């Protein structure tokens, strides 16, 4: 069985806000193809203040899908719909004290149901903006679709390229066979042949992006994101400081209670996820303690 | 309440008598069976006895047809790779869509190397079409590999008849029998089965021991070379204690085979009847008339298996599910998909698998808990309203799938 956190179990065994909201004026229905789970989220939104007065869920799915749905309703009740739109799947996972990488899609499903419900409230058609594939890299929760897209878009040739662009394969390395299979497949579609012995073709630190940010723009945006995350870190007695940005790597200091905390790595992963969502480019967040190594290598 | 273990197709408790038989081979007779001294002089005899107990359980002609391996998966891999290496001009393999991954993944890898894999489909009850099978048999086929009994539903395939057909066509026949051995009687010497895989931990022996049965005269190429062990067919120092344990387990299994097909079957049937009578919108999957005596796989519609298992676990009951979310890969059960079970039911399948250690009292305990587990989750389900599914559930709830 999965190693679920106590929080996941709490929300699974005693779900909050189960069932449909009476007189709901917003409904979102989404499913995750990778596991067949599905969720209906109903909201009662105050039409004057746009505050979510009530939220309810009905979920066909596993323990973490039910827990993600339950915690989502708790998070968004009392928020305005604009505030609610800023809730990321990482927020859902963080409220659950983490989810196994294979189960992160349950939190994604929660966020999508929320967006679908708000679109429904506004009389808009919700378009799903991402596709899910089989989980390839369990260390960084990267799926096949993400890797395929990156290989297509950035003309990647080697496993090392894939790791540089997506992080996939950068941990325990046991998924390298699967990544090679993806490279083989995509390159064959492009009429090329995968060369097992090829050297990485791209420099590791400056991947192409469609609208490249200048470093100053990037730093400003990163600061904005960190400011938005600061209140929740401070609530736990911690804080984060941006030390340096080199290329796509942001070096941060985790301070206060975050310093040396067992959860620091997870918090950093959460920050990175949010940065990538907001900046729309690949950002690697690294503890500033790692920077000295870089400098000494450069020197 | 003591916990109730109904997941015996996943693995079994090691019988106390098996543990007792093994202990001297850790502490006293721990010598290498190849050595000539007092620490090893009883080992060869012990191994021979173990081999004879395996032989008796599967009813094969010679004890030298038993090759000890590290597990069922090794036996399966050895069988497939041996068949293709020994017959390099044959480039096709026949198997089924519902095999264990230990077969399917090897076939998939061979497909990349240019082999043609024929995966026979099953019908809604999990049965094969033998006419279609006959048409696939040809000189190009290196091996037929078909499981004796399905691990999820317990459905039994007619492997003896299929082996006859393969033999008549000059094709080698292997069966993955890890779920069947010890649960149903078998007499291999009366069949044309060339190779058969056994896994010790499915029949109250420890994990880490398996068997490949290799009919005398079957062309063979070892997977592991580098030693004379198992007559050069599986190199590597023998896992002596585990082999002794497997021998004891096979002896016990043979003694209990009637109990398995009467008492164990009665417990399974009682659970099945109790659940289907008490709970609406659930059904048994697989071939009802042709199943292992210890297995039942029940689909609970409109709810999801992992959630059921978590609630059962809280009540001290261990079972397993064909749901996507319980496997490490998130792939929904390929067996349920192969049987074309609708998705709102396939995700809610729960497998209860018994052993001779279970009791009728445990069955009644499960029957007390199950209705409320299902009701709790259906209350959360978008497909359910009040006492039954919503009208036209598939239309009432149509999520956008990512």
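The values are calculated or read from the model by the stated rules, or taken from the named source; none is laboratory data. The shown structure was predicted, so the numbers you read here are calculated from the model rather than taken from an experiment. Reconstructed Cβ throughout: ideal geometry from the backbone, glycine too, with neighbour counts over all protein chains shown.
Side notes on the structure shown:
- Where strands (runs of 3 or more DSSP E) fall wholly inside the stretch B:25-129, the ranges with 1 or more residues that are more than 22 Å from the chain's Cα centre (by Cα) are B:92-96, B:116-120.
- Residue count for the stretch B:263-291 satisfying the condition of being more than 18 Å from residue B:308 (Cα to Cα) and not in a loop (DSSP other than H, G, I, E, B): 11.
- Count - residues of the stretch B:312-327 that are within 8 Å of another protein chain (Cβ to nearest Cβ) and either in a loop (DSSP other than H, G, I, E, B) or out of contact with any strand residue (DSSP E or B) (no Cβ under 9 Å at 6 or more places or on another chain) (or both): 3
- Subset of the stretch B:183-207 [in contact (Cβ under 8 Å) with a residue 60 or more places away in the chain, buried (at least 16 other Cβ atoms within 10 Å of the Cβ) and in a loop (DSSP other than H, G, I, E, B)]: B:183, B:186, B:204, B:205, B:206
- The residues of the stretch B:226-285 that are under 21 Å from residue B:60 (Cβ atoms) and surrounded by fewer than 16 Cβ atoms within 10 Å (Cβ to Cβ), listed by number, are B:231, B:232, B:255, B:258.
- Residue count for the stretch A:139-149, restricted to those that are closer than 21 Å to residue A:193 by Cβ and either in a loop (DSSP other than H, G, I, E, B) or in contact with a strand residue (DSSP E or B) (Cβ under 8 Å, 6 or more places away or on another chain) (or both): 2.
- Some residue of the stretch A:150-171 being part of a loop (DSSP other than H, G, I, E, B), within 14 Å of another protein chain (Cβ to nearest Cβ) and modelled with pLDDT under 90: no
- Of the residues making up the stretch A:164-190, those that are touching a strand residue (DSSP E or B) at 6+ places or on another chain (Cβ under 9 Å) and buried (at least 16 other Cβ atoms within 10 Å of the Cβ) are A:166, A:167, A:168, A:169, A:170, A:175, A:178, A:179, A:182.
- Number of the condition not met by residue B:350 [criteria: (1) in a helix (DSSP H, G or I); (2) within 14 Å of another protein chain (Cβ to nearest Cβ); (3) modelled with pLDDT of 95 or more; (4) crowded, with 22+ Cβ neighbours inside 10 Å]: (1)
- Positions within the stretch B:355-376 being within 14 Å of chain A (Cβ to nearest Cβ) and buried (at least 23 other Cβ atoms within 10 Å of the Cβ), in sequence order: B:373, B:374
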